[in-house]
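Chemist: Handing you this structure, nothing more for now.
The values are calculated or read from the model by the stated rules, or taken from the named source; none is laboratory data. All of these numbers come straight from a predicted model, not from anything done at the bench. Cβ sites come from the backbone with ideal geometry, for glycine too, and all protein chains shown count toward neighbours. When the accessible area is computed, the model is the full protein with side chains, heavy atoms only, and any ligands, DNA or RNA have been set aside. Shrake-Rupley method; radii C 1.70, N 1.55, O 1.52, S 1.80 Å.
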Amino acid sequence: MRKLFLAFLTMSILTTAMCAGMSMTVFKRLQNVESLIADNQLDKAEKKLKEMLAEPPSKDEDRAYVFYTAGMFYLQKSQYVKAKKLFLLAYKLNALPEKTTLYLLQTLAGLSMQDERFDDAIGYYKSYMAQASEPDKNVYLGLGTAYFYKKRYSNAVQLLKQAITLFEPKESLYLMLFASHYELKQLKSATKVLEKIVKFWPDKGKYWLQLSSLYIERNKYAKSLEVMQLAMTNGYMEKERDIMQYVYTLYEEDLPMKAALVLQRAFDQGLVEKNRKNYELLSTMYQEAKERVNAIGALKLASSYASDGKNDLYIAQLYFEQENSFKHVIKHGKKAIQKGIKQKGNANMLIAVAYHELGDKESAKQYLINASKYNKTKKAANQWLESFF
């Protein structure tokens with residue numbers, strides 16, 4: 001922020017001075033200063049400027065050029081406080097020609113931007129705009145930027161749109177325009193700007209991800225998926241939160257199998273943490289995709305990260321839905337009870353039925369008796385005991 005808007009003047013200070021009514025004596029003294037600066041004799045030049053500042057001439061035009069020349073000198077030495085003070089003295093005299101005044105206003109605006117005095121910068125830029133028949137293109141950018149930092153987003157949009165037509169694609173400019181539209185809740189316009197940003201700077205993955213998020217915010221899930229797919233293909237999705245957003249969007253768009261494959265690939269590549277929550281999600285997506293074997297495998301991995309038996313009970317239930325998998329039902333049902341679950345009655349009932357299907361009535365009876373000890377399964381367990389035993 002400190003050096004974004006500082007512009008060094010390259011024109012000769014005295015090019016139009018005589019036409020502005022400067023006296024010959026002051027002209028020659030300032031010409032001597034310029035010659036010293038050109039010869040890199042800066043100490044001598046500064047000494048002569050200080051002499052002139054100590055006893056400034058009486059004529060407004062002469063004083064204005066002395067202040068202006070001294071301001072330019074200190075500006076080029078990066079002594080911005082001194083430079084700005086002198087420029088203000090020159091400006092208040094209102095004695096400089098139009099071209100020099102406009103350049104002075106632009107410089108004062110730039111120095112104010114550097115000091116983050118945005119209200120002052122806006123005032124100088126607006127004065128410039130009011131006087132210039134053909135404003136410098138940098139003024140549109142500067143004024144638009146000042147409005148942006150003052151959170152005057154409507155004004156910023158107006159100026160930044162004009163600036164865009166004057167510059168080659170400029171990343172910071174487009175980003176400010178995008179942010180201004182977004183702050184104004186103009187999401188459609190913000191999207192159009194962000195689409196251009198992606199077009200101009202396609203190698204910057206963060207913009208692809210921002211665009212996909214913006215589409216989601218606008219409920220444009222299909223468009224978001226298109227962008228995320230390209231981002232994934234180009235290797236821009238390296239953070240877990242971005243990959244998980246892609247996974248959730250696929251799932252919400254009724255593409256559970258694709259979501260599961262993306263998540264599984266992310267596990268394999270080490271991009272997503274292997275933990276209970278993520279493996280449970282993977283299992284859910286496989287179940288939605290009717291891939292029961294893979295769903296069970298994901299739940300087994302989830303169980304390895306769990307201290308309780310909740311996942312093991314789900315595994316037993318999934319095996320129960322398959323043919324001839326009753327031994328697995330018994331194994332994981334018992335494991336669930338051993339690790340600890342809230343639904344102990346359900347687990348005992350499930351094991352009892354599995355034993356019954358295998359023809360082991362004694363074991364089935366024992367687990368039905370266990371199930372009858374819990375309120376939720378007491379009635380069903382007793383009915384089974386009366387019917388079969």
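Chemist: How many residues are surrounded by fewer than 16 Cβ atoms within 10 Å (Cβ to Cβ), among the polar types (S, T, N, Q) and modelled with pLDDT under 95 if we restrict to the range 130-156?
Modeler: Within the range 130-156, residues that are surrounded by fewer than 16 Cβ atoms within 10 Å (Cβ to Cβ), among the polar types (S, T, N, Q) and modelled with pLDDT under 95 number 2.
Chemist: Which residues, taken from the range 300-338, are open to solvent by less than 60 Å² (accessible area, probe 1.4 Å), part of a helix (DSSP H, G or I) and not small (Gly, Ala, Ser)?
Modeler: Answer for the range 300-338, where residues must be open to solvent by less than 60 Å² (accessible area, probe 1.4 Å), part of a helix (DSSP H, G or I) and not small (Gly, Ala, Ser): Asn311, Asp312, Leu313, Ile315, Leu318, Tyr319, Phe326, Val329, Ile330, His332, Ile337.
Chemist: Determine the pairs where a residue that is closer than 20 Å to Gln343 by Cβ and among the small types (Gly, Ala, Ser), located within the range 353-375, has a partner that is outside any helix (DSSP H, G or I) and open to solvent by 60 Å² or more (accessible area, probe 1.4 Å) with Cβ atoms under 9 Å apart, the partner being 6 or more residues away or on another chain.
Modeler: Ala364/Leu358; Ala364/Phe389
Chemist: Under 8 Å between Cβ atoms, at least 6 apart or on separate chains: pull out the pairs that start in the range 245-261 with a residue that is open to solvent by less than 60 Å² (accessible area, probe 1.4 Å) and end on any residue that is part of a loop (DSSP other than H, G, I, E, B).
Modeler: Tyr246/Met237; Pro256/Ala289; Ala260/Ala289; Ala260/Glu291
Condition check ((1) of a type in the set (Ser, Thr, Tyr); (2) modelled with pLDDT of 95 or more) across all residues:
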site	(1), (2)
Met176	no, yes
Ser189	yes, yes
Glu195	no, yes
Trp208	no, yes
Arg218	no, yes
Gly235	no, no
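Chemist: Which numbered condition trips up Leu368, out of (1) open to solvent by 30 Å² or more (accessible area, probe 1.4 Å); (2) in contact with a His (Cβ under 9 Å, 6 or more places away or on another chain)?
Modeler: Tallying (1) open to solvent by 30 Å² or more (accessible area, probe 1.4 Å); (2) in contact with a His (Cβ under 9 Å, 6 or more places away or on another chain), Leu368 fails exactly one: (1).
Chemist: Shifting gears a bit: Anything in the range 197-228 that is more than 15 Å from the chain's Cα centre (by Cα), assigned to a helix (DSSP H, G or I) and in contact (Cβ under 8 Å) with a residue 12 or more places away in the chain? List them, or say none.
Modeler: Residues satisfying the conditions are Phe200, Tyr221, Ala222, Ser224, Leu225, Val227, Met228.
Chemist: Here is a check on your reading of the model: is Lys85 in contact with a Gly (Cβ under 9 Å, 6 or more places away or on another chain) and open to solvent by 40 Å² or more (accessible area, probe 1.4 Å)?
Modeler: So Lys85 fits the description; yes.
Chemist: Let me ask something else. Applying the selection to the range 308-354, what residues are more than 22 Å from Tyr286 (Cβ to Cβ), small (Gly, Ala, Ser) and touching a Gly at 6+ places or on another chain (Cβ under 8 Å)?
Modeler: Passing the criteria: Gly340, Ala347, Ala354.
Chemist: Glu362 versus (1) farther than 25 Å from Asn278 by Cβ; (2) under 46 Å from the mean Cα position of the chain (by Cα): which is the lone unmet condition?
Modeler: (2)
Chemist: Applying the selection to the range 106-129, what residues are within 28 Å of Ser189 (Cβ to Cβ) and either surrounded by fewer than 16 Cβ atoms within 10 Å (Cβ to Cβ) or of a type in the set (A, V, I, L, M, F, W, C) (or both)?
Modeler: Ala109, Met113, Glu116, Phe118, Asp119, Ala121, Ile122, Lys126, Met129
Chemist: Name the single residue that is farthest from Ile216 (Cα to Cα) among those in the range 233-244 being surrounded by fewer than 18 Cβ atoms within 10 Å (Cβ to Cβ) and in contact with an Asp or Glu (Cβ under 9 Å, 6 or more places away or on another chain).
Modeler: By that ranking, first place goes to Asn234.
Chemist: What tally of residues in the range 49-70 results from selecting those that are surrounded by fewer than 18 Cβ atoms within 10 Å (Cβ to Cβ) and basic (Lys, Arg)?
Modeler: 2
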